[in-house]
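Trainee: Supplied in structure tokens, the structure appears directly below.
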Amino acid sequence: MASILKRQKLSEEQYKDRISNLPNSLIAQILSRLPTKYAVSTSVLSTRWKQLWTSITSFDIDDNLLLCPQNKSTDPSLQRSFTSFVQGVLLRHVSCVQRFRLKCSQSYDASLVNGWIADTLLRNIQELDLDLSFWMRHSTVLPQDLFTCRTLVVLKLNNYGDMNTVPTSVFLPSLRILHLDCIGFVDDDSINRFLFGCPVLEELSMSGCVGGNVSVINIVAPMLTSLFMHDCLSGERKIVLDTPALLYLTIMDSAEDGCYLVENLCHLIRADIFFYAAGSSANFKALTDLLKGMSNVQFLQLGFSTEWEFLLELLENSPHLETLVFKEGLGNFGVFTQLLWNPAPNVPSCLLFHLKVIGISDFRGEKEEWRMVDYLLQKAKVLEKVNIDYCDGGSKWTIHASRT
């Protein structure tokens, strides 16, 4: 009998509603981590839960979750339902908003969306993340108050289209993280004014075209530590980096006649650079201009779609290089001829004093490749590790070597 009562007690403990015993403030934090649709749905659980969601601090609104999964078409009734849901949530919500993420795969009335954004700006918002549909983004204008929001720490604009609303005065004194994806600016002044108005920016990500009329982008950011640039260089555009605190740099771009000009990169730890789909002369010039200001980088990874005729020059101008990775193999054998048969009078200082790790992918075992490896092993005096991904027919295996 005692064992039966014990099992019954354990069963009751197992199914006990422990969440409802938590304080309201903690439940609100838990609900803030859910998509807003699910947070609001908890209002049907009981009288106590009916109002708990109105204290959440984070909104994550995605019309893909609210529209019928089996019907993704532009059904006016579904769109009206989504609009009513968002308006109802904002109307009944009583707390400040730390984070507001809005993703719209359908097209909605631009004035309504602008109103939703403006509403959050009045609630001490810290993070704003907008991802709009292709059909909607061209007609949506950002509220002017966004550009002078003193509380905003994170701003992410995805698929937003043309940015025609940059005001004369931009000042975002708390903004530390800025992501721009598929954003077009009307001219040089608009994009540079926008970036200059973010004085404490620490992380910047720009992906996609920045506007056909933009010829010069000046990224002057004294506190920036992380920069990601993707498909921002086209035509004769110049991108100037004046970022003395930068630690991490990633560039994935197509070099035509434009270039990256670098200033003040004395603290750079890691740089990942990939130029693609362009003529070799343009690629060489763009990369050379970029590397001139990166001599202190500790880890440099290059992805290149043309022959590396300037590898020796690269090593000579990277005296503090610690890791060298050939991600797409050793490339054309012309580079071996340059290094082996016409060696420089002086060995690059990075090989003598700093280079510790070498990585080679897509290694085929050709005689010239082995001679290249032999050259690096002889000249790299402080080398610690060599990792070679070897391709032999259909099989692949890796050689791991160390000085020991």
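The values are calculated or read from the model by the stated rules, or taken from the named source; none is laboratory data. Just so we're clear, the structure is a prediction, and the values are computed from it rather than from any experiment. Reconstructed Cβ throughout: ideal geometry from the backbone, glycine too, with neighbour counts over all protein chains shown. What goes into the accessible areas is simple: the full protein's heavy atoms, side chains included, and nothing from ligands, DNA or RNA. Shrake-Rupley method; radii C 1.70, N 1.55, O 1.52, S 1.80 Å.
Trainee: Keeping to region 362-390, report how many residues are within 21 Å of Asn346 (Cβ to Cβ), part of a helix (DSSP H, G or I) and open to solvent by 60 Å² or more (accessible area, probe 1.4 Å).
Mentor: 5
Trainee: Moving on. Restricted to region 210-242, and to residues that are β-branched (Val, Ile, Thr) and in contact with an Asp or Glu (Cβ under 8 Å, 6 or more places away or on another chain), which residue is most open to solvent (accessible area, probe 1.4 Å)?
Mentor: Just the residues of region 210-242 that are β-branched (Val, Ile, Thr), to begin with: 210, 214, 216-217, 219-220, 225, 239-240.
From the residues that got through so far, the ones that are in contact with an Asp or Glu (Cβ under 8 Å, 6 or more places away or on another chain) too are 214, 216-217, 219-220, 225, 240.
On the way: Val214: 6, Val216: 47, Ile217: 0, Ile219: 5, Val220: 70, Thr225: 47, Val240: 26 Å².
The selected residue is Val220.
Trainee: Now a separate question. Suppose the filter is under 18 Å from Asp63 (Cβ atoms) and assigned to a helix (DSSP H, G or I); does Leu102 pass it?
Mentor: Numbers: under 18 Å from Asp63 (Cβ atoms): yes; assigned to a helix (DSSP H, G or I): no.
The answer is no for Leu102.
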